[in-house]
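> The structure's right below; bear with me while I get my questions together.
The values are calculated or read from the model by the stated rules, or taken from the named source; none is laboratory data. Note that the coordinates shown come from a computational prediction; the quantities given were computed from them, not determined experimentally. All Cβ positions, even for glycine, are placed from backbone atoms using ideal geometry, and neighbour counts span all protein chains on display. Accessible surface is based on the protein model in full, side chains and every heavy atom, while ligands, DNA and RNA are left aside. Shrake-Rupley method; radii C 1.70, N 1.55, O 1.52, S 1.80 Å.
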Amino acid sequence: MHSTIPVVSVNRTAPSASVSAWFAVLGFAAVIGFLLLPYAGLGGDGQNFYYTGISAAATWAVFAGARRVRQSRRLPWLLLGAGQFCYTIGDVAYYISHAIYDSDAFPAPADLFYLLQYPLVCAALVLLVRRRTPSWDTATLLDAAILAIGLGMLWWVYLIGPMATDVDGSESLASNVVSIAYPVMDLIVLATAIRLAVGSGARSTAFRLLLASLLAMLVADMVYGLQTAADTYRDGGVPDVLWLCEYVLLGAAALHPSMRTLDHRAKVALPNVTVGRLIMLAVAALLPLVVLYERYTPSVLLFGVCLFTLVIVRMWMVLGIQQRLAIVDELTGLKARGVLLSHLDLEVERGRRQRYDVGVILLDVDQFRLIVQIHGQPGGHEVLTELSDRLVRLCGDAAVLGRVGDNMFAAVLPGYDGTDLVQAAGRVREVVEKKKFAVGDQEEFRVTVSVGVAGLFRDGTSPTELIEHAEMALRRAKSAGRNRVYSPDGPVEQRR
């Protein structure tokens, strides 16, 4: 907007980015080394010790990354670090049990620390969602619910359900409770992670690395549960490799410079309806039918009913959103109301942050109903089209123009203070009044507009206040006899 706005160099973040990259490279090299240890005669306890070292390195990385964030923004990363620390303590306890005491007892002390990780991770994800979301977003919440129920059904059918129904007297109560607790905790993390993934906010490198870490953890836990149920799990297998990948990805996310902005609030919470998202929702809705093909259970039918109901509600919302938030007004070619208000939100936020003025002009065509009665609806449309053309020629790139009502237009003018704003509004009124309007082959006639203005800081400090005060000024201009320019304080144009 203004050439005086300083440009901040990003070169200072390069070393941090390289630290993240090196951690990822060395970490995945260490994972490959983990797989090669048995061939060097260091399997079993040697692998467990090596595994614990990678886990501890990830814990260090998360806490080191958290220190680079302002203290008021650290909590999500401290919670993730605490969860990874619990994982490391669990790995140490697992190593001690197997390498020193040669114990295969279940549940073991390590399980306590492994389970403690889940609520800490969930708390961190919930906090990130709350900070990134600018307002209540029902559409995104529905998307997350559809995906979570669809995938959660698989967790229930293939992991939680069999564990809950196959309980017998051969296992202790503690063993059964802990066995079921793992997939239940995974399900809670899954639902929270999906809400973060489909919500608003920047998709930075740290964001993608964090989601990849969560995905690796959930897939590892799922494979571990299936292998444990089939009695095929062995140390050093696929679950261990995936857990190590989770550690590396989490550490790389914490060390990447973009982690500083991971919890920044999004500018707007406009629903992001893409083909990919709709495909994901459709696949999630069809999952119960896939399971029904294999087995019939009342719970699967309930999942199916819930999913299809949510999808129908979501599609109905999509249609409403597309109607309300069309980018361009079909008649005039100006910005539609929703888009113009989004521009106003951004300009007001930038103006408050950088302390510069933002002006709002609302203008309404006087006696528009009479124009339509005399010249018909097509004639009214011609007037609106010609008016919008005059506004575009007058304002150029200095303003964001939009049609916000049947015969009401708005202009957002960044950088316009009180004097400039009043002069611009007066010029708009004069341009409309000065030259007559032609409708088809009929005789030309004069059209006037009433104008209301409002300025940032002087008349309000939020987009809502600016619109409300501009509308109030517009109503006063109408009441005073039309063809006038008013501010919330009264007339601002000297009429000759």
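> Tell me which of these residue 357 doesn't satisfy, since it passes every other one: (1) at pLDDT 85 or above; (2) open to solvent by less than 20 Å² (accessible area, probe 1.4 Å).
(2)
> In addition: Among the residues of the range 412-424, is any out of contact with any helix residue (DSSP H, G or I) (no Cβ under 9 Å at 6 or more places or on another chain), surrounded by 19 or more Cβ atoms within 10 Å (Cβ to Cβ), at pLDDT 85 or above and not in a strand (DSSP E or B)?
yes
> Is it true that some residue in the range 366-385 is over 28 Å from residue 442 (Cβ atoms), in a helix (DSSP H, G or I), out of contact with any helix residue (DSSP H, G or I) (no Cβ under 9 Å at 6 or more places or on another chain) and not polar (S, T, N, Q)?
There is no residue in the range 366-385 that is over 28 Å from residue 442 (Cβ atoms), in a helix (DSSP H, G or I), out of contact with any helix residue (DSSP H, G or I) (no Cβ under 9 Å at 6 or more places or on another chain) and not polar (S, T, N, Q).
> Please specify each residue of the range 466-496 satisfying the condition of being over 41 Å from the mean Cα position of the chain (by Cα) and open to solvent by 50 Å² or more (accessible area, probe 1.4 Å).
478, 479, 482, 484, 491, 494, 495, 496
> Next question. Checking the conditions here, which among 295, 352 is open to solvent by 60 Å² or more (accessible area, probe 1.4 Å) and at pLDDT 85 or above?
352
> I need the full set of residues from the range 186-227 which are more than 16 Å from residue 243 (Cα to Cα), in contact with a helix residue (DSSP H, G or I) (Cβ under 7 Å, 6 or more places away or on another chain) and assigned to a helix (DSSP H, G or I), in order please.
187, 188, 191, 192, 193, 194, 195, 196, 197, 198, 205, 206 - these are the residues of the range 186-227 that are more than 16 Å from residue 243 (Cα to Cα), in contact with a helix residue (DSSP H, G or I) (Cβ under 7 Å, 6 or more places away or on another chain) and assigned to a helix (DSSP H, G or I).
> Under 8 Å between Cβ atoms, at least 6 apart or on separate chains: pull out the pairs that start in the range 23-37 with a residue that is open to solvent by 70 Å² or more (accessible area, probe 1.4 Å) and end on any residue that is of a type in the set (A, V, I, L, M) and part of a helix (DSSP H, G or I).
These pairs meet every condition: 28/248; 35/241.
> In addition: Please go through the range 87-96 and pick out each residue that is within 18 Å of residue 213 (Cβ to Cβ) and without any contact (Cβ under 8 Å) to a residue 60 or more places away in the chain.
88, 90, 91
> While we're here: Pairs, please: C-beta under 8 Å, at least 6 apart or cross-chain, first residue over 13 Å from residue 250 (Cα atoms) and in the range 73-86, second in a helix (DSSP H, G or I) and among the hydroxyl-bearing types (Ser, Thr, Tyr)?
Note: pairs meeting the criteria are 86/114.
> Restricting attention to the range 218-237, and to residues there that are farther than 22 Å from residue 143 by Cα and open to solvent by less than 40 Å² (accessible area, probe 1.4 Å), which single residue is modelled with the highest pLDDT?
220
> Now for a separate question. Determine, yes or no, whether residue 195 is crowded, with 20+ Cβ neighbours inside 10 Å and charged (D, E, K, R).
It is true that residue 195 is crowded, with 20+ Cβ neighbours inside 10 Å and charged (D, E, K, R).
> Something else now. From (1) in a helix (DSSP H, G or I); (2) open to solvent by less than 40 Å² (accessible area, probe 1.4 Å); (3) closer than 17 Å to residue 144 by Cα, pick out the condition that doesn't hold for residue 240.
If we test residue 240 against (1) in a helix (DSSP H, G or I); (2) open to solvent by less than 40 Å² (accessible area, probe 1.4 Å); (3) closer than 17 Å to residue 144 by Cα, just (3) comes out false.
> Restricting the search to the range 59-81, which residues are under 16 Å from residue 125 (Cβ atoms) and open to solvent by 30 Å² or more (accessible area, probe 1.4 Å)?
Within the range 59-81, 73, 74, 75, 78, 79 qualify.
> How many residues are over 15 Å from residue 93 (Cα atoms), of a type in the set (D, E, K, R) and assigned to a helix (DSSP H, G or I) when one looks only at the range 34-81?
1
> Additional query: Looking at this structure, is residue 19 within 15 Å of residue 250 (Cα to Cα), open to solvent by 40 Å² or more (accessible area, probe 1.4 Å), modelled with pLDDT of 90 or more and hydrophobic (A, V, I, L, M, F, W, C)?
No: the conditions fail for residue 19.
> Taking the range 43-59 only, how many residues are touching a residue at least 40 places away in the same chain (Cβ under 8 Å) and either farther than 19 Å from residue 118 by Cα or in contact with a Lys or Arg (Cβ under 6 Å, 6 or more places away or on another chain) (or both)?
Matching residues across the range 43-59 total 9.
> Looking for whichever is among the charged types (D, E, K, R), out of contact with any strand residue (DSSP E or B) (no Cβ under 9 Å at 6 or more places or on another chain) and under 29 Å from residue 36 (Cα atoms) here; the options are 203, 234. Which one fits?
From the options 203, 234, the qualifying one is 234.
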